[in-house]
Amino acid sequence: MNNIKKITFLSLLLAIAIILGIVDSYIPTNIPGVKLGLANIIIVMVLYLFSYKEAILINLIRIYISALLRGTIFSMGFLMSLSGGILSLLIMIILKIILKNKGIIFVSIIGAIFHSIGQILIAIIYLDTINILYYLPILILISILTGFIMGLIAYKIVNNKTIIRKVEQINNNK
């Protein structure tokens, strides 16, 4: 029974992450390639409330389903999203281990920065030019701001007593 509750809860979080990602793509930023990273709220939550395995799974499924829904699967945008998502989550996992489950806002900020770095690396390969690196400082500045905001929201949700009780029930077979 516990496994069903966990799968259901994680599926709901996945659906929310997909919806947030799609909503995010419709929010104009006037800066090419820049999004707020709303889905990262859910990824950070899963990372801190569950395990690394669930965070990786939710992140990868979210990226693939979002690309399928947008019709951008295997496009440059998809590859940039995938590389940014993988690199940022790996860095966030390492930082979470180092910080012993603390520093959720800091972890979110660094994750956002590495998401941008992952995207730039794919752009360099895809466009076959190193000149795209000039865009990285702008992306990093924006990543600090958006990573802070998304991390703050994730922090508030992860530390909500109702959410904590629900996750404890799921994880403790209740």
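The values are calculated or read from the model by the stated rules, or taken from the named source; none is laboratory data. It should be emphasised that the depicted structure is a prediction, and the values quoted were computed from it without experimental measurement. Neighbour counts are summed over all protein chains in view; Cβ atoms, including those assigned to glycine, are modelled from backbone coordinates with ideal geometry.
Points worth noting:
Table: residues versus (1) over 11 Å from the mean Cα position of the chain (by Cα); (2) farther than 17 Å from residue 150 by Cα; (3) surrounded by fewer than 15 Cβ atoms within 10 Å (Cβ to Cβ).
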site: 56; (1), (2), (3): no, yes, no
site: 59; (1), (2), (3): no, no, no
site: 71; (1), (2), (3): yes, yes, yes
site: 75; (1), (2), (3): yes, yes, yes
site: 84; (1), (2), (3): no, no, no
site: 94; (1), (2), (3): yes, yes, yes
site: 97; (1), (2), (3): yes, yes, yes
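- Subset of the stretch 164-174 that is part of a helix (DSSP H, G or I) and out of contact with any helix residue (DSSP H, G or I) (no Cβ under 6 Å at 6 or more places or on another chain) - its residue that is modelled with the lowest pLDDT: 171
- Residue 42 being farther than 27 Å from residue 126 by Cα and surrounded by 20 or more Cβ atoms within 10 Å (Cβ to Cβ): yes
- Taken over the stretch 68-117, the criterion of being modelled with pLDDT under 95 and of a type in the set (Gly, Ala, Ser) is satisfied by 71, 75, 77, 81.
- Test result for residue 102, farther than 27 Å from residue 132 by Cα, of a type in the set (D, E, K, R), out of contact with any strand residue (DSSP E or B) (no Cβ under 8 Å at 6 or more places or on another chain) and part of a loop (DSSP other than H, G, I, E, B): yes
- The stretch 25-41: number of residues that are among the aliphatic types (A, V, I, L, M) and farther than 15 Å from residue 81 by Cβ: 3
Each row is one residue, and each column tells you yes or no for (1) at positive phi; (2) touching a Phe, Trp or Tyr at 6+ places or on another chain (Cβ under 6 Å); (3) surrounded by 19 or more Cβ atoms within 10 Å (Cβ to Cβ); (4) touching a residue at least 24 places away in the same chain (Cβ under 8 Å).
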site	(1), (2), (3), (4)
103	yes, no, no, no
124	no, no, no, no
127	no, no, no, no
133	no, no, no, no
147	no, no, yes, yes
151	no, no, yes, yes
155	no, no, yes, yes
159	no, no, no, no
166	no, no, no, yes
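- With respect to the conditions (1) in contact with a helix residue (DSSP H, G or I) (Cβ under 9 Å, 6 or more places away or on another chain); (2) at pLDDT 95 or above; (3) under 25 Å from residue 9 (Cα atoms); (4) not hydrophobic (A, V, I, L, M, F, W, C), residue 143 lacks only one, and its number is (3).
- Qualifying residue in the stretch 18-31 (condition: under 14 Å from the mean Cα position of the chain (by Cα), buried (at least 16 other Cβ atoms within 10 Å of the Cβ), modelled with pLDDT of 90 or more and in a loop (DSSP other than H, G, I, E, B)): no
- Residue among 48, 64 that is at pLDDT 95 or above, hydroxyl-bearing (Ser, Thr, Tyr), in a helix (DSSP H, G or I) and within 24 Å of residue 145 (Cα to Cα): 48
- Scan of the stretch 112-163 for residues that are in a loop (DSSP other than H, G, I, E, B) and of a type in the set (A, V, I, L, M, F, W, C), ordered by number: 130
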